[in-house]
């Protein structure tokens, strides 16, 4: 018999007991009552079966492990090529290219806008010559590659195809994906070039081209990662990302494509943050919402069109500058959440990324974290071990409800592009990130080493990767060298044909881009030619 | 006396604006007038904005690794445009050694991830307040 009612603890962090990190209310205990209306076949289904809440494969990770894919890129193509070879030797299974800011924004390394940024937060790729160097000695027909580039994604894809063909590898066998998710750039990451409406056409062209010519390529990867990093809640990440995906799907349908011809090759990319169960619920809800939408609303018939496949990266924004070794532990929990959520591939962040690009040592620990998870913990032995948990299933339902409410709001704006233009997403995210920051300020939430358990004297003990000053000069010289040693007639002609295609919505841009790239037009030149037609996007800032 | 006016700025090609926006909100909530420049500003534009807005301070946020180029360029512009009384501070993913070097050059403070908002607010109030009292004497 209980004499005193149980008391909830008070003190540091107790302000966060009743809600998730995204402010979803929590109860102390979940029971069968919380599963009230849950219907196993309708709402969960067996793994590998509609609506895929429990995962895409009947055998889960027993059939096949997730792909361990570490995002990497810095300095010049030659430096990054060495890092790739190192990672492949360490047992990494696929490559993932990080580009530097000028490349992401469509400027060559010798442009005024590029000063100070070349090779700093990714690799500098100005022309086909750099892409060839990036994959030197790596068989592009054997490795799969993910490229995180959005504004100039169509150009990077053209460079990748051209570099492979120079290696003698046909575009038909190339495997991998490219982010190319421009909507989330306007929403969160802010690396755009062209305005949203013309850019939607570029994406439809890419999807159509890949569908016809690159059957093994996952045409675009639709990304919530950056939405979350910009400060959104889990439900916002889920809802805004799926809404972006649906916008691309609707654009392709409007352009006359059959949904089952392209949908099986779409993929998604999510964040795995530190609130363990909320993340797992988010991943499970994502699969269910997507499957239902694809089948019921868009009428997809091929089961592969109903399956939401995704890559996950642990949350950069959960890492702390203080006591950076603690980030190893955070990453391990976040990775576990991603795996229990059924991810298809995973990037684990390195402990030092709050300070700089990761050192080789830090990257190795991050990769080992995945290997320990895959081979030692036995979490891969049973398919969807959390399925049926009172708590996880009700949180999954809650995620779905919140996402559906956002879909309705977005529709009231008249769709994603209109909501972007109205600043809706940007404002929602800014609000959420400020709310989160306040909860740390007030001590409602504890971040170890930041607002509790601090070290009196913060000492820097880890080795950081430094990008030398010489990189910018070297890369600028290299792009000038490319411009001097090519056929100027071919450059002019291919750029002119590209501009004509930009004005003609019925002419697919991709073959023209491949022609430009093969003539060694630089990325900056191609972007300029396209900006002439499409203009540049300017944001109305809100905070 | 009118409230402190602070320009919160993003320079170069870096689109990571979460930190800048949170700081902007925090300074505004602390009673200051905040002018957020928006993204992709040049050092020249940032300093011009500060002068036009008669700002007491500039807070620059850089997460792309270009801090050792862009912070000195803003300092140079402050000098060139005769605005050295503007309190210049910043933050972002900036390694400790670089933060020390930037402070030596004349950046008043560098706040890295995890810095409490209150600390930033207190810093801005104290430093900009000091400049004002110097000017009025």
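For the pair segment B:75-103 / segment A:483-506, the C-alpha centres are spaced 43 Å from each other.
Remark on segment A:355-503: ratio of C-alpha radius of gyration to 2.2 N^0.38 Å is 1.75. Using the average count of surrounding beta-carbon atoms within 10 Å as a protection proxy, the listed peptides A:394-406, A:95-107 rank, highest first, as A:95-107, A:394-406.
Per residue of peptide A:180-192, the mean number of Cβ atoms on other chains within 10 Å of the residue Cβ is 2.
Of the listed peptides B:92-101, B:66-75, B:112-121, what is their order by residue-averaged count of other C-beta atoms within 10 Å, with the highest listed first?
Details: B:92-101: 18.9, B:66-75: 22.4, B:112-121: 16.8.
In descending order of packing, they fall as B:66-75, B:92-101, B:112-121.
How far is helix A:488-503 tilted off the main Cα axis of chain A, in degrees rounded to 10, range 0 to 90? Around 50 degrees separate the two axes.
How large is log10 I(q)/I(0) at q = 0.05, 0.10 Å⁻¹ when the Debye formula is applied to the Cα atoms of the protein assembly as shown, each weighted equally and without solvent? Calculated log10 I(q)/I(0) at the listed q: -0.23, -0.96.
Taking each residue of A:107-120 in turn, how many C-beta atoms of other protein chains fall within 10 Å of its C-beta, and what is the average?
Mean shielding count: 4.
With Cα atoms defining each centre, segment A:24-58 and segment A:62-81 are spaced 33 Å apart in the structure.
Arranged from fewest to most other beta-carbon atoms within 10 Å of their beta carbon, A:359, A:468, A:272 become A:468, A:359, A:272. Peptides A:318-331, A:470-483 ranked from most to least packed, by the mean per-residue count of other Cβ atoms within 10 Å: A:318-331, A:470-483. The distance from the alpha carbon centre of segment A:265-301 to that of segment A:123-193 is 25 Å, rounded to a whole number.
Counting only the Cα atoms, segment A:272-364 fills a convex hull of 100 Å³ per residue. Taking the longest Cα principal axis of chain A as reference, the axis of helix A:509-518 is set at about 60 degrees. From least to most packed, judged by other beta carbons within 10 angstrom and beginning with the fewest, A:133, A:287, A:172 follow the order A:172, A:133, A:287. Against chain A, whose longest principal axis is taken from its Cα atoms, helix A:153-166 shows a tilt of about 60°.
What's the exposure ranking of B:132, A:288, going from fewest to most Cβ atoms within 10 Å?
Going from sparsest to densest Cβ surroundings: B:132, A:288.
The Kirkwood hydrodynamic radius of segment B:5-131, based on inverse pair distances between different Cα atoms, is 14.1 Å.
Would you please calculate the Kirkwood hydrodynamic radius of segment A:169-215 over all C-alpha pairs and express it in Å, rounded to one decimal?
Working: mean 1/r = 0.0836 Å⁻¹.
One over the average 1/r among Cα pairs gives 12.0 Å for segment A:169-215.
Compute the Rg to Rh ratio over segment A:104-163 from the alpha carbon atoms, using the Kirkwood formula for Rh, and round to two decimal places. Don't skip to the answer; put the middle values down first.
Numbers: Rg = 12.1 Å, Rh = 12.4 Å.
The Rg/Rh ratio comes out at 0.97.
Per residue, the convex hull spanned by the Cα atoms of segment A:178-254 amounts to 85 cubic angstrom.
Which whole number of Å³ per residue matches the convex hull of the alpha-carbon atoms in segment A:17-163? Before the final figure, lay out each step's value.
Details: hull volume 30.1 nm³, N = 147.
It comes to 205 Å³ per residue, whole-number rounded.
Counting only other chain Cβ atoms within 10 Å of each residue's Cβ, the peptide B:20-27 averages 5.
Read the figures in this text as sums done on the coordinates, not as results from a lab. Small disclaimer: the values here were computed from a predicted structure and weren't measured. Note that we place each Cβ from the backbone using ideal geometry, even for glycine, and neighbour counts take in every protein chain shown.
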